[in-house]
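Nothing in this text is a laboratory measurement; each read-out follows from the coordinates by a stated rule. If you're wondering where the values come from, they're calculated on a predicted model, not measured in any experiment. For neighbour counting, all protein chains shown are included, and Cβ atoms are generated from backbone atoms with ideal geometry for every residue, glycine included.
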Amino acid sequence: MAFGQLKGNQGYAGSAIPSSSAFLDASVTNSVNNANFGKGMIYPRADLSVMVLSNQGTLYNASNNPNRFDGMIVFNTATSGVAASGATQGTLSRGFWYYDNSSASPTGGTWRPFITSATDPKFNVTNAATGTATNTLVDGTQVYAIKGQFTTTAGSTAVTITPPTGITSMYGITIYKKAGTGTGNGNKVVYARDLYSYDIATGAAVTGSQSISVVYPQDTYEYILEYLK
């Protein structure tokens, strides 16, 4: 008779193995707190930037993968880019990653890093054309952010905010003034976190709301635009 559990390297009674919640127990001894005993597991190494989950022809069998790889753990060796299958939280870095998938598709999940001392959960927003992937998803869709500037020539509520590459809709915006930016005397504060209107084709924007508008003195301002692709 064969059982699904496996126990190794110690002399526990085999009759208790099927009753254990652990499918694998590699304990060396009853003295589990003895620092001189124990074994570690080397997890499978994978390059998530090229590893695919569903594009494997007949090798992918839905009946054999009812959870659609939800909970899969690998030691990722890629140091940049995004996963070949599924979405990616941020960008790939070396270390342990797990697949979080509650969708009905094997590629509908998101690879997320285990947070360790070597994994920085922060993201640095820049003005790169591709935008910076944030740690926010909306209905499973990645939110990106991009940093930019605009300059006003007089007190105005209408400004031009360059549309980032691939934008389909705006998620949020923060417009602020910081020390050392521009030549005017604008206060070093946040000016607005909303827009009355924004044209993703032309970049034309009106700041504020229907009841109150934000007026900008002549100066150069910074903004962080969060958006969906």
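Could you tell me whether any residue of region 94-109 is among the hydrophobic types (A, V, I, L, M, F, W, C) and assigned to a strand (DSSP E or B)?
To start, the set of residues in region 94-109 that are among the hydrophobic types (A, V, I, L, M, F, W, C) comprises 96-97, 104.
Those left that are additionally assigned to a strand (DSSP E or B): 96-97.
Scanning region 94-109 turns up at least one residue that is among the hydrophobic types (A, V, I, L, M, F, W, C) and assigned to a strand (DSSP E or B).
Whether any residue in region 134-150 is loosely packed, with under 15 Cβ neighbours inside 10 Å, farther than 30 Å from Ser80 by Cβ and in contact (Cβ under 8 Å) with a residue 40 or more places away in the chain is what I want to check.
Checked region 134-150: no residue is loosely packed, with under 15 Cβ neighbours inside 10 Å, farther than 30 Å from Ser80 by Cβ and in contact (Cβ under 8 Å) with a residue 40 or more places away in the chain.
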